[in-house]
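Have a look at the structure below, then the notes.
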Amino acid sequence: MSRVCKLCGHCISKNLAMLQIRKISKRMITTYLRDDYPGLGFDQQLPKKQRTLFDQSMRFTSSSSVSEEETKKFSKLAHSWWDERGDMMALHTMNSLRVPFIRDCLLYQGFGKPKTSKALEGVNILEVGCGAGILSEPLARLGASVVGIDSSAEALEAAKIHRGDDEDLQSLQYLDSWLEDIVAVGSIKFDCVVASEVIEHVEDYRNFIQMCNKVLKPGGSLFISTMNRTNYSYYLGIIMAEYVLHVVSPGTHTWDKFLKPAEIEDALLNEGCPLVKIHGMCYDPIRNKWSWTSSTELNYIVHAVKTIPTASENEKETKPLPESSEKENTPT
């Protein structure tokens, strides 16, 4: 039996089947879900008769976080995403830090299978702003079931081409969708959400963090990597990286959109997803090498964990307001 799916051009093994995608227009896709895949919670949310074929336009909302200008900027780079000596060179080598950081934090939280080659087996991950899959692929190779979403159709096409028919990437799917669409579906929840080098490109970082938190299961992990808004980052991250050393194309970043760790921490705490770990990262453009550093003046990555509601909190949310209380609060 051929492994190639007639619907999406990519076959998914039965035990790891996630979302099979068929694009039918620029702004609409049809999502097919397998009956026996419990990973994202669809089987609990949908009536049985709807589980085999669930048609849903996954771009049915407007996006408050995605900038059309930013999308066009990265769409133009689609052809070079997998050129390890091109514009995305630093992102490729950043995997040497961010992949083990994500893996080890998830293992510490009790997810996955430690001391195995598939350490993240059984973990459902959403990568927001996945681009062409530079981070999604290594996470899938560790056994995770990964869904990558991006606002750039060109980048997603490059991701699908690179994924190809690789046996180790059968649990990796790319969805032509905005984060707002995933939130709007309501029933999709992940063990882990990753937004690496993305938040500095969105319009409203607080709203973005709120949406990431909404698609995260209680006790789930949120990972964000970005650049600090400092004089140091302006000189090295903008002037040197973009205009002198040409590590990335000029105009890739906007310094005003860089975020201080305290700003991210405050937004996370406000959503009930407190920060549990932060680490500085340092990039050497001459050797094209990343290393850990105690300083967060330039690049940094954070790990936050969504609070698990207590029984009393759940009771407060579901308990109806007593009739007497309504009368007491009624103005006379």
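Give me the distance in nm between label points sitting 7 Å out from Cα along the Cα-to-Cβ direction at Ala184 and Glu157, one decimal.
Placing both labels 7 Å along Cα→Cβ, they lie 2.4 nm apart.
Test of understanding: what is the full-extension gain from Ser295 to Thr116, defined as 0.36 nm times their sequence separation minus their Cα-Cα distance?
Taking Ser295 through Thr116 to full extension adds about 61.3 nm, to one decimal.
Mind ordering 288-301, 222-235 by average Cβ neighbours within 10 Å, highest first?
222-235, 288-301
Suppose the chain between Asp168 and Leu107 were pulled fully straight at 0.36 nm per residue; how much longer would it get relative to their current alpha carbon spacing?
Contour length minus the Cα-Cα distance gives 19.9 nm.
Please give the length that would be gained between Leu245 and Val276 if that part of the chain were fully extended, namely 0.36 nm times their separation in residues minus their C-alpha to C-alpha distance (nm, one decimal).
7.7 nm
Could you work out the relative contact order of the stretch 143-194? I mean the mean sequence separation of Cα pairs under 8 Å and 6+ apart, divided by the number of residues, in percent.
44
Pairs Lys217/Lys277; Lys257/Lys277; Lys217/Lys257; Lys118/Lys214; Lys189/Lys306; Lys113/Lys217: which exceed 24 Å Cα-Cα?
Lys217/Lys257; Lys118/Lys214
Quick check on packing: order 97-103, 260-266 by the mean number of other C-beta atoms within 10 Å, highest mean leading.
97-103, 260-266
Listed highest first by mean packing, meaning other Cβ atoms within 10 Å per residue, what order do 130-142, 175-187, 112-124 come in?
130-142, 175-187, 112-124
If I model a spin label at Thr254 and Lys217 as a point 7 Å from the Cα along the Cα→Cβ vector, what separation in nanometres do I get?
Distance between the two pseudo-spin positions: 3.6 nm.
Coordinate-derived values only; no laboratory data. As the structure is a prediction and not an experimental result, all values here were calculated from the model. Methodologically, a virtual Cβ is constructed for each residue, glycine included, from the backbone with ideal geometry; neighbour enumeration extends over all protein chains shown.
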